[in-house]
Each structure stands twice: as structure tokens, then as C-alpha cells.
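One structure coming up, written as C-alpha cells, with questions to follow.
The values are calculated or read from the model by the stated rules, or taken from the named source; none is laboratory data. A quick note: this is a predicted structure, and the numbers were derived from the prediction, not measured. Here the Cβ is made from the backbone with ideal geometry for all residues, glycine too, and neighbour counts use every protein chain on show. Each accessible area value is taken on the protein alone, full model and side chains, heavy atoms only, with ligands, DNA and RNA left out. Shrake-Rupley method; radii C 1.70, N 1.55, O 1.52, S 1.80 Å.
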Amino acid sequence: RSVYPDIIIHRRGQNAPHNKCIIEVKKSTSALGDVYDVLKLTAYTSAEHGNNLQYQLGVFVLLNIGALEQPYRLRFFKNGHEI
């Protein structure tokens, strides 16, 4: 199955070490959970299973719709793990 990240920062046509950052964004009102997004970020930042993409940093942004005090939440991923 093809996987498409929301935002990527990289050098076109090249892989590691030129893949800098991958970002997934989700609204808190989404009917879909964040499990799939976290799985993608884990995989994109990992060197396991012959992955040649190896993004240096993964970022999950949850936009808290209607929240005034904490309008967003960030989670970071590196080397296939949340940091």
C-alpha cells in the first residue's frame, strides 16, 4: 500500500542522509485515531527492514480544535522511536 506523509523536508531524488523531517498533522475532531500516523512516523525514521528513507526527525502535530489553552500537541520521533 502506498503511504503519503502530510509534509516532508528533504532533498528531492535522494534518500538518507538528505531526508530531514517528516510531519503528520491531525485534528482532534478526526474520527480516525493517531495510531496509523504514529506507525508511519516510526517507520519513516527507522533504519530497520532495509528502509532507505531514514528521516532524521518525525513530528506528529495534533491540533486541538476549540482548545484555548493548549491549541496543539507535539510528539517527536527519531530512529524509529518516540523521543
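Would you check if residue 15 is touching a Leu at 6+ places or on another chain (Cβ under 7 Å) and more than 23 Å from residue 74 (Cβ to Cβ)?
Yes: the conditions hold for residue 15.
What tally of residues in the stretch 42-64 results from selecting those that are touching a helix residue (DSSP H, G or I) at 6+ places or on another chain (Cβ under 8 Å), buried (at least 19 other Cβ atoms within 10 Å of the Cβ) and in a loop (DSSP other than H, G, I, E, B)?
Summing the residues that are touching a helix residue (DSSP H, G or I) at 6+ places or on another chain (Cβ under 8 Å), buried (at least 19 other Cβ atoms within 10 Å of the Cβ) and in a loop (DSSP other than H, G, I, E, B) in the stretch 42-64 gives 1.
Residue-by-condition table, conditions (1) within 14 Å of the chain's Cα centre (by Cα); (2) of a type outside the set (Gly, Ala, Ser); (3) more than 19 Å from residue 2 (Cα to Cα):
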{"position": "15", "(1), (2), (3)": "no, yes, no"}
{"position": "38", "(1), (2), (3)": "yes, yes, no"}
{"position": "45", "(1), (2), (3)": "yes, yes, no"}
{"position": "48", "(1), (2), (3)": "no, yes, no"}
{"position": "59", "(1), (2), (3)": "yes, yes, yes"}
{"position": "65", "(1), (2), (3)": "no, yes, yes"}
{"position": "75", "(1), (2), (3)": "yes, yes, yes"}
{"position": "82", "(1), (2), (3)": "yes, yes, yes"}
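Something else about it: Within the set of pairs 6 or more residues apart or between chains, which connect a residue that is of a type outside the set (Ser, Thr, Tyr) inside the stretch 44-70 to a residue that is open to solvent by 80 Å² or more (accessible area, probe 1.4 Å) and not in a strand (DSSP E or B) with Cβ atoms less than 8 Å apart?
Note: pairs meeting the criteria are 47/79; 54/17; 56/17; 64/70; 65/29.
Looking at 74, 68, 39, 32, which one is out of contact with any Asp or Glu (no Cβ under 9 Å at 6 or more places or on another chain), open to solvent by 60 Å² or more (accessible area, probe 1.4 Å) and part of a strand (DSSP E or B)? Walk me through it before giving the result.
On the way: 68 fails: part of a strand (DSSP E or B); 39 fails: part of a strand (DSSP E or B); 32 fails: part of a strand (DSSP E or B).
Step by step, each of 74, 68, 39, 32 is checked, and only 74 is out of contact with any Asp or Glu (no Cβ under 9 Å at 6 or more places or on another chain), open to solvent by 60 Å² or more (accessible area, probe 1.4 Å) and part of a strand (DSSP E or B).
Mind checking whether some residue in the stretch 38-50 is more than 26 Å from residue 13 (Cβ to Cβ), of a type in the set (Lys, Arg) and modelled with pLDDT of 90 or more?
Looking for residues that are more than 26 Å from residue 13 (Cβ to Cβ), of a type in the set (Lys, Arg) and modelled with pLDDT of 90 or more, one finds none in the stretch 38-50, hence no.
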